Amino acid sequence: MKKIIVWAIILIIAFSGCAPEASGNETQKAKVINVIDESYRDEAAGKFYCTQYLTLTLLEGDHEGETHEAEVYIDAANNTNIALYRTGDTVEVFVNLNESGEVEHVSVHTLVRAPYVIALAAVFLILIVVMGRLKGLKTILALMFTVSAVIFILVPLIANGYDPVLSASLVCIIITIVTMLAVGGFNKKAASAILGTTGGLVCAAVITLIFSALMRITGIDTSEVELLMVANTNVIFDYQGILTAGILIGCIGAVMDIGMSISSSLNEMHSIDPSIDAKRLFHSGLSVGRDIIGTMANTLILAYTGGSIMLMVVWSVYGVSFADMLNKGYIVLEIAKSLCGSIGMVMTIPITAFIASHFIGINPQVLKAGEKSAHENEL
């Protein structure tokens, strides 16, 4: 019954993200039926200018089926490796109407890439099911729940002015509880993993807040923060808190992985030999954690570093030294993300090992036998 309730919650929240949203999006889809490319290179200025004249057929809206012209202009500097539009492409366009409701002007917004993203995701999900079978199916549902919780719970909470750190912490705890119970079931193993993961996330949040204050990291010089600052909203955003929330969301996967791995290992050891006491289980948990920590730390640090690799290449080309990079806000932000997330991951190991060793190490049958033996000795 408990498992049914958990999976019902997962399905409700996960598939809530599949429902169409009532959105104020002004873009419409259109098909490119002809392209006139007049791109050229200005050798004197050393720049490449991309100019394309597109003939488009609107695919939706009140003017579906109508054909209109649109001009695309890109100043690509000295880069010729840019994505030009081609005949047959599906694009998003802004349609401007005149007072009589007729189309006055059509401007191209972007290429429609969603079908390719969906196809890539489908390949990923199919591989999970093929390799994991029933476990893979559970993994997919848990993953859908996680994504839905972030997109449809965390993001709206932050966008509406709620405390980002508290919101992220609550969402991370909910994700952890639901994922662990769905994968591990209602038992001491899952409970230990949940508590250990929560402890690791708390450590990551505390370390992030402390060092963000010391290094004065606010993210105010990033393009995303600039967009929030000029947004037409009455909400006063906590930019440093949003960065902390991002770190928590970024490291929760690795932290959960470690929490469940250690808890599951200790549970398996105890099931083989119920006489193992909590102290031995704790040291075994630390040993398992040491084996995990190397690759997992690399995973987090490389994931965050990859997000700023383009910027580091740019600064390297322009002769910015490594010491100067460590003072740049963008780079320090990525370093802080990777290190704070890794610290939370490392702290998950002893916390989970301690909790699991005491939860799992308590064997009711052994205790009962010990109490019976003690009682007989007293008699």
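Values in this text are rule-based calculations from the coordinates and carry no lab data. Values in this document were obtained by computation on a predicted structure and should not be read as measured data. So basically every Cβ, Gly included, is an ideal-geometry build from the backbone, and we count neighbours across all protein chains shown.
In which sequence would K337, K328 go, from the one with the fewest C-beta neighbours within 10 Å to the one with the most?
So the ranking, lowest neighbour count to highest, is K328, K337.
Can you give me the C-alpha center-to-center distance between the range 189-204 and the range 314-339, rounded to a whole angstrom?
Using only Cα atoms to place each centre, the spacing works out to 32 Å.
Given H placed 1.01 Å from N in the peptide plane, which residues other than close sequence neighbours of G161 have an amide H under 5 Å from its amide H?
none
Fewest first, what order do H270, H283 take by the number of other Cβ atoms within 10 Å?
With the fewest neighbours first, H270, H283 line up as H283, H270.
How would you order 312-319, 64-71 from highest to lowest mean count of nearby Cβ atoms within 10 Å?
64-71, 312-319
By count of other Cβ within 10 Å, fewest leading, how are T27, T197 ordered?
T27, T197
Classify the range 133-368: rounded, prolate or oblate, from the alpha-carbon gyration tensor (a ≥ b ≥ c, eigenvalue square roots; a/c under 1.5 rounded; otherwise prolate if a/b is larger than b/c)?
prolate
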